[in-house]
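Take a look at the structure set out below.
The values are calculated or read from the model by the stated rules, or taken from the named source; none is laboratory data. Just so it is clear, the structure is predicted and the values come from calculations on it, not from any experiment. Please note: Cβ atoms are built from the backbone with ideal geometry, for glycine as well, and neighbour counts cover all protein chains shown. The area values use the complete protein model at the heavy-atom level, side chains included, leaving out ligands, DNA and RNA. Shrake-Rupley method; radii C 1.70, N 1.55, O 1.52, S 1.80 Å.
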Amino acid sequence: MTQNFSSLLPINRLVVIGVGLIGGSLAQAARKAGVVKKVVGVGRNEVNLKRAVELGVIDEYTLNPATAVKNADLVFIATPVLGIENVLDQIRESLEARTIVTDAGSAKGIVVDALKRVFEEVPGNFVPGHPIAGSEKSGINAVDEMLYQQHKVILTPLPNTEPRALETVRQLWTAVGAQVLEMNVQQHDQILAATSHLPHLLAYSLVDTLAKQDENQEIFRYAAGGFRDFTRIASSDPTMWHDIFLANRQAVLSSLDKFSQGVAELRTALEQKDSKAMMGIFTRAKAARDHFTKLLAHRAYVESMTESDITFYAEAGQPLSGSIRVPGDKSISHRSIMLGAIAEGETEVSGFLEGEDSLATLQAFRDMGVVIEGPHQGKVKIYGVGRSGLKKSPGALYLGNSGTSMRLLAGLLSAQPFDVELTGDSSLSGRPMERVAKPLREMGAVIETQGGKPPMKIKGGSRLHGIHYKMPVASAQVKSSLLLAGLYAEGTTTVIEPAPTRDHTERMLAGFGYDVKVRQLSDMQREIRLEGGGKLKGSIIDIPADISSAAFFLVAASIVPGSDLTIEHVGINPTRIGIINILQQMGANIELLNKRIAGGEPVADLRVRYSRLKGIDIPQDQVPLAIDEFPVLFIAAACAEGTTVLKGAEELRVKESDRIQVMADGLEALSVNAKSTPDGMIIEGGAIQGGTVNSHGDHRIAMAFSIAALVAKNQVVIQNCANVATSFPDFVELANRVGMTIRIGKNS
Ligand code: S3P
């Protein structure tokens, strides 16, 4: 609608037909809000109407709808839904064309049909509506002026509904605290059948079934929490619900059929003691129930606040000491779910990162029908469905902030029999996807991007063939995406990387019994090769702590005099230890203790003590090995004596944010002499002042500036930090435990 209406309130004469909980509550709330001048109540029961006047809900009443609506500005029909047609019949003759009419019927198709019968066509001044509020109580004594606060009201306007009428009704509901939504009549009836009408039907049926049993006395005596919670709504008004079920009969029946099918599946699973099927239903339901508000908003499951909701206030801290364990490796966590899902048999994972990114991957596979238990304290159990067992998801797969999820899944899902769409948050929606889409198309996949960016639409039913691919950029995500597609391709898939990138996919494939050949072609170049068509066997995976998360503490303890900190069980895969190599070259004191192998990956405890750092030219060969750690390495450089120069890192411009620009801006805000270049940064070490920086929703930048605060002269305020939860949900708690001082606040 393009018209702009200023306030159409107050309403001079509001007529409420049916002064019960719904009608009375609107009248009272509107009076209280000062948006109506006079309220006239209409009903059949005079005692009730008198009581409504006594309670101050209405100013006056009449038993005759026809006389009441004369001269009315707005008529609100709040009778049981099956009574609406009768009311319309009675008011038809006396209704003036200027009078706006709306209703509260819980089904809208039937109201529109009634309007057509009574008026021939639905009048433009009629705005069908439905407040989603109410309670198991009813009648005038239940009236509550707060009933609509923070509740939704759905309006279902028709093409000929007058904009002025629609806007007046919208303003009235908004004035009493409701949130007004619009949808079409059919959509409304289907949604309400599933979310409201079906649960009421089931509650009535369950209580009635139990009440009929001989031992009902005993059953009700002992029926505590579960029964009470499940059946509260069986105390609702029977007449009203009788009407609603009949009014929305078709949609309720079709919801009931789907539900019956679900119950039948559960019954079979129970009868056959099929634990996997049972756990599948329960874990999917639990995840959906725990997070349904986020599902509604189409957000990642564990995202706790909106991107701009959290600010860190970080102060200089004490020397860091003690022994800590940081969360599980993000890259390995993603891969454990992906390979576990398409393996045969069960996979048991420990040390899983319960951060938003890896949980987005987990949820994506649940959406594709994989039964996954957990995560619970880092433990996850995946019931593999085999290479052909994934099912079409009910909607698009939402991957939040996670580039790894999207790029790897693009490969894995390129050869499934079903279509799939991959979407993400605003940061992910701006990241380049052609780097995987292009070679996957060469393999035979049919993939659409939006100008090279998400959403990615992948067509089902493509037959892939292996390719020989020389990657233009050193990217583990591209390599992994092609290898995962290669599992489904005919023939050999070969990927050549221009420089070593993290090799967790290759290692884990081997751990799942898949043959992967790796050949060193030169100092830098490596060839990775596999044959399509093989099977993966479920496995046990112990995920080490993430060196990318440990990096913040490696730098923190290096720059605060007196620090001596140990970070336990950290993955030190040679393709990930750029951070250690670079810091050591800068003069850091880091020891790798107790080296061992866990779950196919090398791990160690890292002991780090304060040391004076010096600026260096960062060696080119270390860049891909430290690609995620540059934000915090820039902080180390700012604390070092002399100049640090980074080149050949243009990749940083397309991470969760443009990490070169955002870091340069933040460093400048803290008075550090830092100059961005197209492919890197030049940083002069020196004093760090306090100030305010914006992390642009990039988790690693938020954490990096928290480390800078340790040695800053004044407080460092870091904005947009909610996404720290993508990789390190307990960062602040752990940081404060070892001597840092970070307070979490809301953005002002
Ligand atoms: C990752 C690979 C890297 C890294 C990302 C995780 C992975 O990206 O930056 O955080 O798990 O494969 P590129 O492969 O694009 O460099």
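Does Ser548 satisfy being small (Gly, Ala, Ser), open to solvent by less than 30 Å² (accessible area, probe 1.4 Å) and either over 30 Å from Ala735 (Cβ atoms) or within 14 Å of the ligand (Cβ to nearest atom) (or both)? Break it down stepwise before answering.
Numbers: small (Gly, Ala, Ser): yes; open to solvent by less than 30 Å² (accessible area, probe 1.4 Å): yes; either over 30 Å from Ala735 (Cβ atoms) or within 14 Å of the ligand (Cβ to nearest atom) (or both): yes.
Criteria met by Ser548.
Here's the yes/no breakdown for (1) over 25 Å from the mean Cα position of the chain (by Cα); (2) assigned by TED's automatic domain parsing to the domain that holds Ala97; (3) farther than 23 Å from Val69 by Cα:
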site: Ala133; (1), (2), (3): yes, yes, yes
site: Val143; (1), (2), (3): yes, yes, no
site: His151; (1), (2), (3): no, yes, yes
site: Leu155; (1), (2), (3): yes, yes, no
site: Pro163; (1), (2), (3): yes, yes, no
site: Ala178; (1), (2), (3): no, yes, yes
task = For Trp173, work out the one condition from (1) open to solvent by less than 20 Å² (accessible area, probe 1.4 Å); (2) without any contact (Cβ under 8 Å) to a residue 24 or more places away in the chain it doesn't fulfil.
result = (2)
remark   = Counting only strands (runs of 3 or more DSSP E) wholly inside region 38-114, the ones holding at least 3 residues that are of a type outside the set (Asp, Glu) are 74-77, 100-103
inquiry  = Out of everything in region 634-655 that is over 23 Å from Gly691 (Cα atoms) and charged (D, E, K, R), what residue ends up being most open to solvent (accessible area, probe 1.4 Å)?
reply    = Lys647
request  = Search region 337-377 for residues being under 21 Å from the mean Cα position of the chain (by Cα) and among the polar types (S, T, N, Q), and hand back the single one that is farthest from Ala598 (Cα to Cα).
outcome  = Gln363
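Residue by residue, here is whether (1) under 17 Å from Ala277 (Cα atoms); (2) open to solvent by less than 20 Å² (accessible area, probe 1.4 Å); (3) among the acidic types (Asp, Glu) holds:
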{"residue": "Ser321", "(1), (2), (3)": "no, no, no"}
{"residue": "Gly328", "(1), (2), (3)": "no, yes, no"}
{"residue": "Ser331", "(1), (2), (3)": "no, yes, no"}
{"residue": "Glu344", "(1), (2), (3)": "yes, no, yes"}
{"residue": "Phe352", "(1), (2), (3)": "no, yes, no"}
{"residue": "Ser358", "(1), (2), (3)": "no, yes, no"}
{"residue": "Asp367", "(1), (2), (3)": "yes, no, yes"}
{"residue": "Gly374", "(1), (2), (3)": "yes, no, no"}
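Only one of Leu49, Leu26, Leu74 is assigned by TED's automatic domain parsing to the domain that holds Leu166 and more than 44 Å from the chain's Cα centre (by Cα); which? Working first, answer last.
On the way: Leu26 fails: more than 44 Å from the chain's Cα centre (by Cα); Leu74 fails: more than 44 Å from the chain's Cα centre (by Cα).
Going through Leu49, Leu26, Leu74 in turn, the sole match is Leu49.
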task = Please go through region 442-482 and pick out each residue that is within 16 Å of the ligand (Cβ to nearest atom), among the basic types (Lys, Arg) and part of a loop (DSSP other than H, G, I, E, B).
result = none
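Is there a residue in region 395-403 that is within 16 Å of the ligand (Cβ to nearest atom), crowded, with 17+ Cβ neighbours inside 10 Å and in a strand (DSSP E or B)?
Kept after step one, since they are within 16 Å of the ligand (Cβ to nearest atom), are these residues of region 395-403: 399-403.
Now narrow it down to the ones that are crowded, with 17+ Cβ neighbours inside 10 Å: 399-403.
Pick out the ones that are also in a strand (DSSP E or B) and you get none.
No, every residue in region 395-403 fails to be within 16 Å of the ligand (Cβ to nearest atom), crowded, with 17+ Cβ neighbours inside 10 Å and in a strand (DSSP E or B).
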task = Would you be able to say whether some residue in region 12-25 is surrounded by fewer than 21 Cβ atoms within 10 Å (Cβ to Cβ), part of a strand (DSSP E or B) and basic (Lys, Arg)?
result = yes
message = With the structure loaded, tell me whether Ser426 is in a loop (DSSP other than H, G, I, E, B), of a type in the set (Ser, Thr, Tyr), under 28 Å from Asn720 (Cα atoms) and more than 13 Å from the ligand (Cβ to nearest atom) or whether it fails that test.
response = yes
message = For Glu162, only one of the following conditions fails: (1) within 30 Å of Ser254 (Cβ to Cβ); (2) surrounded by fewer than 17 Cβ atoms within 10 Å (Cβ to Cβ); (3) of a type in the set (Asp, Glu); (4) at pLDDT 95 or above. What is its number?
response = (1)
query = Assuming Val35 fulfils every condition listed in (1) open to solvent by less than 30 Å² (accessible area, probe 1.4 Å); (2) under 42 Å from the mean Cα position of the chain (by Cα); (3) closer than 16 Å to Ile140 by Cβ apart from one, which condition is it?
reply = (3)
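Tell me, which residue of region 485-505 that is more than 11 Å from the ligand (Cβ to nearest atom) and outside any loop (DSSP other than H, G, I, E, B) is farthest from Ala343 (Cα to Cα)? Break it down stepwise before answering.
Of all residues in region 485-505, those more than 11 Å from the ligand (Cβ to nearest atom) come to 485-496, 498, 500.
Still in the list and also outside any loop (DSSP other than H, G, I, E, B): 485-486, 490, 492-496.
Values: Ala485: 14, Gly486: 15, Glu490: 19, Thr492: 20, Thr493: 19, Thr494: 22, Val495: 22, Ile496: 26 Å.
Only one residue tops the list, namely Ile496.
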Subset tally (residues that are part of a loop (DSSP other than H, G, I, E, B) and either open to solvent by less than 100 Å² (accessible area, probe 1.4 Å) or of a type in the set (S, T, N, Q) (or both)) for region 258-279 = 2
task = Might you check whether a residue that is part of a loop (DSSP other than H, G, I, E, B), within 12 Å of the ligand (Cβ to nearest atom) and touching a strand residue (DSSP E or B) at 6+ places or on another chain (Cβ under 7 Å) occurs anywhere in region 329-346?
result = yes
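Is at least one residue of region 234-244 aliphatic (A, V, I, L, M) and without any contact (Cβ under 8 Å) to a residue 24 or more places away in the chain?
For region 234-244, residues aliphatic (A, V, I, L, M) and without any contact (Cβ under 8 Å) to a residue 24 or more places away in the chain: absent.
When residues of region 595-633 are filtered for being acidic (Asp, Glu), more than 16 Å from the ligand (Cβ to nearest atom) and either under 14 Å from Thr644 (Cβ atoms) or surrounded by 24 or more Cβ atoms within 10 Å (Cβ to Cβ) (or both), how many remain? Don't jump to the end; show me each part of the working.
Start the filter on region 595-633 by keeping residues that are acidic (Asp, Glu), which leaves 601, 605, 617, 621, 628-629.
If we keep only those that are more than 16 Å from the ligand (Cβ to nearest atom) too, we end up with 605, 617.
In the following step, the residues that additionally are either under 14 Å from Thr644 (Cβ atoms) or surrounded by 24 or more Cβ atoms within 10 Å (Cβ to Cβ) (or both) were identified as 617.
So the answer is 1.
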query = Quick one: what pairs do we get from region 509-524, first residue under 12 Å from Leu487 (Cβ atoms), second of a type in the set (Gly, Ala, Ser), C-beta under 6 Å, 6+ apart or different chains?
reply = Phe512/Ala343; Phe512/Ser539; Tyr514/Gly534; Val516/Ala510
